[in-house]
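Structure record follows, encoded as structure tokens.
Please treat every number below as a calculation from the coordinates, not as lab data. The structure presented is a predicted model; accordingly, all values stated were derived computationally and were not measured. When we count neighbours, we look across all protein chains shown, and the Cβ atoms used for this are built from the backbone with ideal geometry, even at glycine.
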Amino acid sequence: MRKFNWDEFKNKDNKIAVNCKTEEEAKDFCKQMHEHGMKWCNGESYWKNTKYNAHHEETCYYGNGEYSSRDFAEKYNYKILEWSDYMQKEFAKADLKDGMVVEYRDGDRRLVIDKYLIGKKAHYELSTYNENLEDGYPGLTIMKVFKIRQRAILERILDDDNLELIWERTEPKKMTVEEMRQKLEELTGEEIEVTE
């Protein structure tokens, strides 16, 4: 999973199109656009209609609220990004491979070797994790998984500039009742009164 640059995508001068090959990808991308405050060029929410059925696996989306076929994007020399490269995917303990790097909730990083997570000062057994990469100690829950860009000494392997993020845990957003009321008003365009 690569990090998507929303500012570049929204800038029409960059001529970027995003291709969604499946309806699942289209729904996920439209949800992400909605969460970034974007709307269709007619002002409608991306959540109401993904427009995927117009071009199916050839559907491309643009930062200005429009969509087209992939052929159109290619004809006009748009840089086409595949949403599958950026889409949040499920990641399980079985997906961890030797040489990957994990990051705990507390920010500590470990290298995956055999059935262990090896760090600068300690190691931990993978067997203590469930399939969702959660441990009995919340601070040791795996929040991110990286692949290594270049082989190096252990200290260098764990550096930010030597790692490429391939998975990141997303957790439910916590909101107060007032924040939920405001968000609901924003989504519906109607005034909401909370009752108990």
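Between Gly65, Cys30, Gly43, the Cα set farthest toward the positive side of the dipole of segment 6-85 (charges on each charged residue's Cβ, about the Cα centre) is that of Gly43. Rounded to the nearest angstrom and listed largest first, the equivalent-ellipsoid semi-axes of segment 6-85 from its Cα gyration tensor are 17, 15, 11. Taken about its Cα centre, the chain carries a charge dipole of roughly 780 debye when the Cβ of each Lys and Arg holds +1 and the Cβ of each Asp and Glu holds -1.
Here segment 152-196 and segment 93-122 have alpha carbon centers that stand 24 Å from each other.
With 25 Å as the limit on Cα-Cα distance, the pairs of Lys10/Lys183; Lys10/Lys174; Lys27/Lys79; Lys51/Lys174; Lys48/Lys183; Lys120/Lys147 that go past it are Lys10/Lys174; Lys51/Lys174. Each peptide in 22-35, 169-182 receives the mean, over its residues, of other Cβ atoms within 10 Å, and ordering these scores from highest gives 22-35, 169-182. Remark: spin-label model distance Ile113-Trp47 equals 4.8 nm, labels positioned 7 Å along the Cα→Cβ axis. Helical runs assigned H by DSSP (4 residues or longer) give the chain a calculated mean residue ellipticity at 222 nm of -6000 deg cm²/dmol, each run adding -39500 (n - 2.57) before division by the residue total. Assuming charge only on the beta carbon of Lys and Arg (+1) and of Asp and Glu (-1), the dipole of segment 93-168 about its Cα centre is about 240 debye to the nearest 20. Placing +1 on each Lys and Arg Cβ and -1 on each Asp and Glu Cβ, with no other charges, gives segment 127-173 a dipole about its Cα centre of roughly 140 debye. Other residues with beta-carbon under 13 Å from the beta-carbon of Leu111 carry, at +1 per Lys or Arg and -1 per Asp or Glu, a net charge of +3.
Evaluated on segment 93-168, the Kirkwood hydrodynamic radius is 12.2 Å, with distances taken between all distinct Cα atoms.
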